[in-house]
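The values are calculated or read from the model by the stated rules, or taken from the named source; none is laboratory data. None of the values given here were measured: they were computed from a predicted structure. Positions of Cβ are backbone-derived with ideal geometry, glycine not excepted, and every protein chain shown enters the neighbour counts.
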Amino acid sequence: MAMDQRLERIKLTALHERIVSAEQAASWIKDGMAVGLSGFTRAGDAKAVPNALAKRMQEEPFQIDVYTGASLGSGIDGRFAQAGIVRKRAPYQSDPLMRSAINSGDVQFVDHHLSQTAEWIRGGVAGPLDFAIIEALGITQDGLLIPTTSVGNSMVFAHHAKQIIIEINTAQPLELEGLHDCYAPQAIGSRQPIPLVSPRDRIGTKGIPVDPSKVKGIVWTNQADSPSPIEPPDAETDVMAGHLLAFLRREVQAGRLDKNLPPLQSGVGSVANAVLHGLLDSEFEGLELYSEVLQDAVFDLLDSGKALFASASAITLSQPYMERIYQDFGRYRERLVLRPQEISNHPEIIRRLGLISINTALEFDLYGNVNSTHIAGTKMMNGIGGSGDFGRNAQLAIFVTKSIAKNGRISCVVPFASHIDHTEHDVDVLVTEHGFADIRNLAPRERAERILANCVHPEYRPQLRDYFDRAIARGGHTPHVLDEALSWHAKYMRDGTMLKKSP
Ligand code: COA
């Protein structure tokens, strides 16, 4: 009988005997266990064993704690939520069914900076992990596990879990090999500086070193990542991109930024992708990205020659981009690197590189506090993701949002943010389709004036001005009418709109 060609992917031949079915591997996961799954913004997620786990619930009820890199694709979070098998979930998700399970209190969600989960696993704060379930392209002779479209937290999971299940996904392009740079910081107390001074630097190994004795099973999969659902740029995001460019141009003219710009980070979602896309038609050249996720716009920048290099922890593309990029991935490989998320999002490196970070807000307030996570202060959307890692440590922390949501029934600029992920101290520039507010080196009252003038939708400007004027009359360094500070959100919950009728 001909040899199964897939075995060539497992060069460490002693592991051939560990091949099992997804169902068999899933049967090892028991009630009360903690598992670490590969996967970061729908990329490189373990697929077969999690799906088999969700099915097993029909025969035998159980609950587990699930740690990942970031959001999972392939409907896994949704199926987990429907099956009711997750007790605790960290550090990020973006699935509608998981979101409702979190908001109903059925799943305990730990919303956590993406750079820090690895420290919690290493330090014993999260876990201990019983299993790491990790998607791979293959395993080298010397026991390096080659990741696929993300690295995420797979390295720390593989090193700290008691046992490892590897999913070898034959649907992922083999050209991904050589893309990864796997580096783990030393233990706290004897930690050395991370030797990365440029987004292009490679400081680790091409795969994750694993202890073969911990590999309990290897499963085959043949399933592509889920495409990203991002919306293409629209007229408003084009205008927002224009404001961002105007700000960057002004900084270059003032001599505060080099004309090639420091490395850029761009967050998840349609708005961040669209705004980054705006750089395509700009005069900026020789760009580099040091980000956590590379979305569609980055590949357009690479194709156009505007961007020369991109470093991240994952590649997450819409369906048309996935088809185009992976058909000829070889042409990008020398210009990309994927790293563990604690390195892509590491405060030390972000500060050293002087990043310009661009992330999306749900809302921000008169004084520049930003809410990225909670609808009306209570309902979780996705999670803080890496926005805090980048926002706090970047040279320029830029937050973008459309000025209104839900056809104008919500103003995204409010008297008081209903939840604060990024405080006024961490936010440098705010951008909406009405303009940009550079709030650096401004006192709270100066910030409010600038935000009122440049960011608020004209329909909401009079009522925000009225609030601010009455707040000033009461005094204070950061003036508020406290019993009205969250009244816009309360009004939306009550009347379905934040807009007050004009008298
Ligand atoms: N109140 C209530 N809902 C709001 C809102 C507000 N102030 N602002 C936006 N929304 C709604 C939109 O109407 C839309 O709803 P829909 O899905 O029903 O259409 C939804 O939120 C998403 O808004 P959208 O404008 O499409 O934004 P996006 O796709 O760019 O995502 C975030 C925006 C904030 C949800 C997303 O960027 C995120 O999860 N950020 C946190 C993590 C992060 O920044 N990571 C980056 C580090 S790399």
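Residues in segment 396-412: is at least one away from the ligand (no atom under 16 Å from the Cβ) and either surrounded by fewer than 21 Cβ atoms within 10 Å (Cβ to Cβ) or hydrophobic (A, V, I, L, M, F, W, C) (or both)?
First pass over segment 396-412, keeping only residues away from the ligand (no atom under 16 Å from the Cβ): none.
Scanning segment 396-412 turns up no residue that is away from the ligand (no atom under 16 Å from the Cβ) and either surrounded by fewer than 21 Cβ atoms within 10 Å (Cβ to Cβ) or hydrophobic (A, V, I, L, M, F, W, C) (or both).
I'd like the residue in segment 413-427 that is of a type in the set (D, E, K, R) and crowded, with 20+ Cβ neighbours inside 10 Å and, out of all such residues, is farthest from the ligand (Cβ to nearest atom).
Of the residues in segment 413-427, the ones of a type in the set (D, E, K, R) are 421, 424, 426.
Narrowing further to those that are crowded, with 20+ Cβ neighbours inside 10 Å: 421, 426.
Working: Asp421: 8, Asp426: 13 Å.
Top of the filtered list is Asp426.
What are the residues in segment 205-231 that are crowded, with 18+ Cβ neighbours inside 10 Å and out of contact with any helix residue (DSSP H, G or I) (no Cβ under 8 Å at 6 or more places or on another chain), if any?
If the condition is that a residue be crowded, with 18+ Cβ neighbours inside 10 Å and out of contact with any helix residue (DSSP H, G or I) (no Cβ under 8 Å at 6 or more places or on another chain), then Gly207, Ser226 are the ones that fit.
Consider only pairs whose beta carbons are under 7 Å apart and that are at least six residues apart or on different chains; among these, list those whose first residue lies in segment 441-453 and is assigned by the TED database to the domain that holds Leu464 and surrounded by 16 or more Cβ atoms within 10 Å (Cβ to Cβ) and whose second residue is aromatic (Phe, Trp, Tyr) and not in a loop (DSSP other than H, G, I, E, B).
As it stands, the answer is Ala448/Phe468; Leu452/Phe468, since those pairs meet every condition given.
In this structure, is Pro96 touching a Ser or Thr at 6+ places or on another chain (Cβ under 7 Å) and either of a type in the set (Lys, Arg) or closer than 21 Å to Val268 by Cβ (or both)? Write out each step before concluding.
Values: touching a Ser or Thr at 6+ places or on another chain (Cβ under 7 Å): no; either of a type in the set (Lys, Arg) or closer than 21 Å to Val268 by Cβ (or both): yes.
Answer is no for this residue.
Just to be sure before I move on: is Val429 hydrophobic (A, V, I, L, M, F, W, C) and either within 14 Å of Glu363 (Cα to Cα) or within 25 Å of the chain's Cα centre (by Cα) (or both) in the structure I sent?
Working: hydrophobic (A, V, I, L, M, F, W, C): yes; either within 14 Å of Glu363 (Cα to Cα) or within 25 Å of the chain's Cα centre (by Cα) (or both): yes.
Yes, satisfied.
What about Ile133, is it surrounded by fewer than 24 Cβ atoms within 10 Å (Cβ to Cβ), among the β-branched types (Val, Ile, Thr) and modelled with pLDDT of 95 or more? Walk me through it before giving the result.
Working: surrounded by fewer than 24 Cβ atoms within 10 Å (Cβ to Cβ): no; among the β-branched types (Val, Ile, Thr): yes; modelled with pLDDT of 95 or more: yes.
No.
Say we look at segment 96-113 and pick out the residues that are in a loop (DSSP other than H, G, I, E, B) and among the charged types (D, E, K, R); which of these is surrounded by the fewest Cβ atoms within 10 Å (Cβ to Cβ)?
Going residue by residue through segment 96-113, those that are in a loop (DSSP other than H, G, I, E, B) are 104-107, 110-113.
From the residues that got through so far, the ones that are among the charged types (D, E, K, R) too are 106, 111.
Values: Asp106: 13, Asp111: 21.
My answer is Asp106.
Looking only at segment 244-290, which residues are away from the ligand (no atom under 16 Å from the Cβ) and assigned to a helix (DSSP H, G or I)?
Those that are away from the ligand (no atom under 16 Å from the Cβ) and assigned to a helix (DSSP H, G or I): Leu245, Ala246, Phe247, Leu248, Arg249, Arg250, Glu251, Val252, Gln253, Leu279, Leu280, Asp281.
What number of residues in segment 227-249 are in contact with a strand residue (DSSP E or B) (Cβ under 8 Å, 6 or more places away or on another chain) and not small (Gly, Ala, Ser)? Lay out the reasoning, then the answer.
Within segment 227-249, the subset in contact with a strand residue (DSSP E or B) (Cβ under 8 Å, 6 or more places away or on another chain) is 240, 243-244, 246-248.
Narrowing further to those that are not small (Gly, Ala, Ser): 240, 243-244, 247-248.
Residues in segment 227-249 being in contact with a strand residue (DSSP E or B) (Cβ under 8 Å, 6 or more places away or on another chain) and not small (Gly, Ala, Ser): 5 in total.
Does Glu59 meet the test of being outside any loop (DSSP other than H, G, I, E, B) and farther than 30 Å from Leu317 by Cβ?
Numbers: outside any loop (DSSP other than H, G, I, E, B): no; farther than 30 Å from Leu317 by Cβ: yes.
No: the conditions fail for Glu59.
Does segment 381-395 include one or more residues that are surrounded by fewer than 20 Cβ atoms within 10 Å (Cβ to Cβ), at pLDDT 95 or above, more than 30 Å from Ala310 (Cα to Cα) and near the ligand (Cβ under 9 Å from one of its atoms)?
Looking through segment 381-395, none of the residues is surrounded by fewer than 20 Cβ atoms within 10 Å (Cβ to Cβ), at pLDDT 95 or above, more than 30 Å from Ala310 (Cα to Cα) and near the ligand (Cβ under 9 Å from one of its atoms).
Has segment 295-308 got at least one residue that is crowded, with 21+ Cβ neighbours inside 10 Å and not in a helix (DSSP H, G or I)?
Within segment 295-308 (the criterion being crowded, with 21+ Cβ neighbours inside 10 Å and not in a helix (DSSP H, G or I)), the answer is yes, since at least one residue qualifies.
Looking only at segment 354-371, count every residue that is within 19 Å of the chain's Cα centre (by Cα) and either closer than 19 Å to Val456 by Cβ or more than 6 Å from the ligand (Cβ to nearest atom) (or both) and tell me the total.
10
Taking the conditions exactly as written (in contact (Cβ under 8 Å) with a residue 24 or more places away in the chain, out of contact with any Phe, Trp or Tyr (no Cβ under 8 Å at 6 or more places or on another chain) and either within 16 Å of the ligand (Cβ to nearest atom) or in the same structural domain as Asn454 (by the TED database) (or both)), does Ile350 satisfy them or not?
On the way: in contact (Cβ under 8 Å) with a residue 24 or more places away in the chain: yes; out of contact with any Phe, Trp or Tyr (no Cβ under 8 Å at 6 or more places or on another chain): no; either within 16 Å of the ligand (Cβ to nearest atom) or in the same structural domain as Asn454 (by the TED database) (or both): yes.
No: the conditions fail for Ile350.
Does Ala171 satisfy being within 26 Å of Arg351 (Cα to Cα), in contact (Cβ under 8 Å) with a residue 40 or more places away in the chain and part of a loop (DSSP other than H, G, I, E, B)? Can you show your working first?
Working: within 26 Å of Arg351 (Cα to Cα): no; in contact (Cβ under 8 Å) with a residue 40 or more places away in the chain: yes; part of a loop (DSSP other than H, G, I, E, B): yes.
Criteria not met by Ala171.
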